[in-house]
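Novice: Please find one structure pasted underneath; my questions will follow.
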Amino acid sequence: MGSDDILTRAAPPPDLAIRYGSEADQVADLRLPADPSTGRGPAPLVILLHGGFWRAAYDRAHAGPLAAALAAEGFAVCTPEYRRVGQAGGGWPATFDDVAAAVDVLPRLAASASGGRADPGRPILAGHSAGGHLALWAASRHLLPSGAPWSVPALSCRGVVALAAVSDLVSAYHLGLGRGAVAALLGGGPDAEASRYALANPVGLLPTGTRVRLVHGSADDIVPCEMSVGYASRAQEAGDDATCEALSGMGHFEVIDPLSDAWPSVTGAFRALSPPGGQSVG
């Protein structure tokens, strides 16, 4: 199992910072491909949601190496911050308020701030661990009941890349992942807060109608690989184009570490949804 030194490894600074709301944490880093002169149009946009079990102890800084490496591969990468458990207003519902707002407005803001170098149309939603949960959830908002918080009439993304994702909140609660992180996020367990789990649990919001590529280390001792395998299976049964690549011997952090042996699988997942240069697949 891999080292967690990726959590403190320095990354090149972002090209731009974008504010998507008035709250202190409603800000995002934008990293752009180094060479804008390829002649292939604006770069496909990735909205990358960081992990950390939704807690204030972890912020978007640790996603910097991954975001910088994806930008070097030709993607425009926007890494939003969001209110987290342990902060004033964090958790339910503000974490979901922020992610929904970020997904809705950042594509347009990123395109404008970058002078058209980022493609605002149908971004890739991506995330690691708890951020993987948020990315899968964001791609499912069109399935929320009409009038429910965060409901949208239609899906607008190229697909989801979920890295070591917490894709089933009920299972994560019963497994005690993150020392009670799910209960802290939602304010209780699935019996006491059934309506919240129904609105927030990705595996209960299927089929999404979009492509999902899950990548997970088989030796992950923080979020079990079986969770991603199970999500992919249920999504396939519902009719979705979903796959899970289980990486033999890999742990929780290799999938966000560009220096690890997991990197070709991670870049392959992104390229399967949209190769750099603005060309769409499928």
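Novice: Seen from all sides and averaged, what is the projected area of the convex hull of the Cα atoms in region 145-278, in nm²?
Specialist: In nm², the orientation-averaged hull projection of region 145-278 is 9.1.
Novice: Could you order peptides 158-168, 193-203 by the average number of other Cβ atoms within 10 Å of their residues, highest first?
Specialist: Ranked from most to least packed, the peptides come out as 158-168, 193-203.
Novice: Using only the heavy atoms of the protein chains and a 1.4 Å probe, how would 222, 256 rank by accessible area, largest first?
Specialist: Result, largest first: 222, 256.
Novice: Accessible area per residue, 1.4 Å probe, Å², for the chain: what's the number?
Specialist: I get 38 Å² per residue for this part.
Novice: Let me ask something additional. For region 83-220, what is the convex hull volume of the alpha-carbon atoms per residue, in Å³?
Specialist: Output value, Cα hull per residue: 123 Å³.
Novice: If you don't mind, another one. Heavy atoms only, probe 1.4 Å: what % of the accessible area of region 218-280 goes to carbon and sulfur, would you let me know?
Specialist: 49
Novice: Given all pairs of different Cα atoms, what value in angstroms does the Kirkwood hydrodynamic radius of region 56-137 take?
Specialist: Result for region 56-137 stands at 13.6 Å.
Novice: Calculate the translational D of the chain in whole µm² s⁻¹ from Stokes-Einstein, where the hydrodynamic radius comes from the Kirkwood formula applied to all Cα pairs, the temperature is 20 °C and the viscosity 1.002 mPa s.
Specialist: D = 117 µm²/s.
Novice: Something else now. Relative to the present Cα-Cα distance, how much length would full extension add between residue 236 and residue 192 at 0.36 nm per residue of separation?
Specialist: Full-extension gain reported as 12.9 nm.
Novice: How would 143, 66 line up by accessible area, probe 1.4 Å, largest first?
Specialist: In descending accessible area the options line up as 143, 66.
Novice: Go ahead and estimate [θ] at 222 nm for the chain from helices alone: -39,500 (n - 2.57) per DSSP H run with n ≥ 4, summed, over the residue count, rounded to 500.
Specialist: One gets -8500 deg cm²/dmol as the mean residue ellipticity at 222 nm.
Novice: How much of residue 8 can a 1.4 Å solvent probe reach, expressed as accessible area in Å² and rounded to 10?
Specialist: Roll a 1.4 Å probe over it and residue 8 shows about 120 Å².
Novice: Could I ask something else about it? Let me know the charge dipole size of the chain about its Cα centre in debye, to the nearest 20, where only the beta-carbon of Lys, Arg (+1) and Asp, Glu (-1) is charged.
Specialist: 660
The values are calculated or read from the model by the stated rules, or taken from the named source; none is laboratory data. Please read all numbers here as calculations on a predicted model, not as lab measurements. FYI the Cβ positions are ideal-geometry reconstructions off the backbone, even for glycines, and counts take in every protein chain you see. Keep in mind that these areas ignore ligands, DNA and RNA; they rest on the heavy atoms of the full protein, side chains included. Shrake-Rupley method; radii C 1.70, N 1.55, O 1.52, S 1.80 Å.
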